[in-house]
Amino acid sequence: MNLIYKNEYGAIYSVEGAPNPNCSHQLIIGSIGIYMSLHDLSYLLDIVEACHYPCHCENCQGKFPDKIFLPNGNTEMCLHIDPFVLADLEELIKQTQFELNITQTLDAYKIGRHHF
Ligand SMILES: [Zn+2]
């Protein structure tokens, strides 16, 4: 497992030889780890960003969401969130995407990260 980014709330790793090769990233929060694809991560970011606004679904009824359902088709997992956690989760995903984009760009030009 290679750490991509971590903060107070959690961490995201890339995992070589993940059970499902499409889900080669792992979001770790406390003692749980969830395998995700990059698509899942950006979908999760959409959900996290939507939590800044009141939600009119049956659960929230016009209040701010206090749960995030994880984008995994087979399981119903959700994270309980409060505004403090929300900002950290958002930062975690955004920084991870940023790191991945940089790595991809450097790879494309065959530039090593620590060579100057
Ligand atoms: Zn809702």
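The values are calculated or read from the model by the stated rules, or taken from the named source; none is laboratory data. Worth saying up front: this structure is predicted, and the values here are computed from it rather than measured. Neighbour counts run over all protein chains shown; Cβ positions are idealised from the backbone, glycine included.
In table form, for the structure just shown:
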quantity: Considering residues of segment 60-74 that are part of a loop (DSSP other than H, G, I, E, B) and modelled with pLDDT under 85 only, the residue farthest from the ligand (Cβ to nearest atom); calculated: ASN74
quantity: Single residue of ILE93, ILE47, ILE29, ILE34 found to be surrounded by 13 or more Cβ atoms within 10 Å (Cβ to Cβ), β-branched (Val, Ile, Thr) and within 16 Å of the ligand (Cβ to nearest atom); calculated: ILE47
quantity: Every pair of residues 6+ apart whose Cβ atoms lie under 7 Å, when the first sits in segment 3-26 and is closer than 17 Å to LEU79 by Cβ while the second is charged (D, E, K, R); calculated: ASN7/ASP88; ASN7/GLU91; GLU8/ASP88; TYR9/ASP88
quantity: Enumeration of residues in segment 75-90 that are closer than 25 Å to ASN20 by Cβ, within 16 Å of the ligand (Cβ to nearest atom) and buried (at least 17 other Cβ atoms within 10 Å of the Cβ); calculated: LEU79
quantity: Any pair with Cβ under 9 angstrom, 6 or more apart, that starts in segment 53-64 at a residue that is in contact (Cβ under 8 Å) with a residue 12 or more places away in the chain and closer than 15 Å to HIS80 by Cβ and ends at one that is near the ligand (Cβ under 8 Å from one of its atoms) and of a type in the set (A, V, I, L, M, F, W, C); calculated: PHE64/CYS55
